[in-house]
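Working notes, structure below.
The values are calculated or read from the model by the stated rules, or taken from the named source; none is laboratory data. The model shown is predicted, which means the values in this text are computed figures rather than measured ones. Here the Cβ positions follow ideal geometry from the backbone for every residue, glycine too, while neighbour counts run over all protein chains shown.
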Amino acid sequence: MPSDSNTSTETGTSGAQALSGPRHVAIIMDGNGRWAQARGRPRLFGHHAGARRVREVVSCCPQLGVKYLTIFAFSTENWKRTQVEVSGLMSLFRRYISKEMKALAARNVRVRFIGDRLRLDDKLVQLMDDLELETAQNDGTHLTIALNYGGRDEVARATRRLAQDVADGSLLPQDVDEETLPRYLDTHVLPDPDLVIRTSGEARISNFLLWQSAYAEYEFIDTLWPDFTAEELGRLCRRFGGRDRRFGAVAT
Ligand code: FPP
């Protein structure tokens, strides 16, 4: 299979047809807290279970023909949670990156982070930088982790840089069009998502990939994130294959 295509045929475990499946899947991983609560456990227990699901979902991407996977790990709004939950999540991210670094690199996964790193602690940022560097030559699944990410914040940061280029004279206002702004977004090297999935029964997009998802297909499913499986992703990818995507044109 060419390294940058989704032309694989049948998958292994899930049996999904990758031929017309989504090339870029983005996931809002919701429901960890409710999953833990249902078991009488603290919310962080749910986040740890959620992290194990990330591992499984990343592993099944090649079989499904999903070349790009983008996951929402922590939003610019999540700082409003209790200090215990926020610091527990930050320590989970540090542990996940340190522990998974070798496995991801060995599985040919290329990892990138999007979001504003300025508010994250130095140790975490160092680990993120190391993981990006360590996997920079990989050409398998492109895993993008949104950490301290908000779509509006991303557009605001992009606009600030764009405005600076106009002020410097390297960009003319009349040359700014809808191809220009995406070059300043955190996702500038990624294709737009084809399919956005949100788990846990909530039907909202919560500031995730606002610009990039203009023509994405959406799936809002009831499963809580720690119960999400490779099989379910396979089913959603197959369903995506049956969608009629017209991008504003009419069916021919
Ligand atoms: C939303 O569930 C989930 C989060 C805010 C955190 C997502 C983090 C993980 C899945 C952990 C692992 C991620 C990586 C990259 C290692 P919620 O807490 O809002 O659930 P609730 O709606 O049931 O309260």
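Annotations for the structure displayed:
- Here is the figure for the stretch 76-124: residues that are in contact with a Phe, Trp or Tyr (Cβ under 9 Å, 6 or more places away or on another chain) and under 27 Å from Cys60 (Cα atoms) total 7.
- Between Val176, Val250, Val196, the distinction of being touching a residue at least 24 places away in the same chain (Cβ under 8 Å) and either surrounded by 14 or more Cβ atoms within 10 Å (Cβ to Cβ) or farther than 28 Å from Arg39 by Cβ (or both) belongs to Val196 only.
- Set side by side, the residues Asp139, Asp130, Asp153 differ, and just one is surrounded by fewer than 15 Cβ atoms within 10 Å (Cβ to Cβ), away from the ligand (no atom under 12 Å from the Cβ) and not in a loop (DSSP other than H, G, I, E, B), which is Asp130.
- Figure legend. Inter-residue proximity from the stretch 62-87: first residues within 16 Å of Tyr149 (Cα to Cα) and of a type in the set (Phe, Trp, Tyr), second residues within 8 Å of the ligand (Cβ to nearest atom) and in a loop (DSSP other than H, G, I, E, B), beta-carbon distance below 9 Å, spacing 6+ or different chains. Indicated pairs: Phe72/Met29; Phe72/Asp30.
- Any hit, the stretch 226-235, residues being exposed (fewer than 13 other Cβ atoms within 10 Å of the Cβ) and free of Cβ contacts under 8 Å to residues at least 60 places away in the same chain: no
- Residues (surrounded by fewer than 16 Cβ atoms within 10 Å (Cβ to Cβ) and at pLDDT 95 or above) located in the stretch 99-116: Asn108
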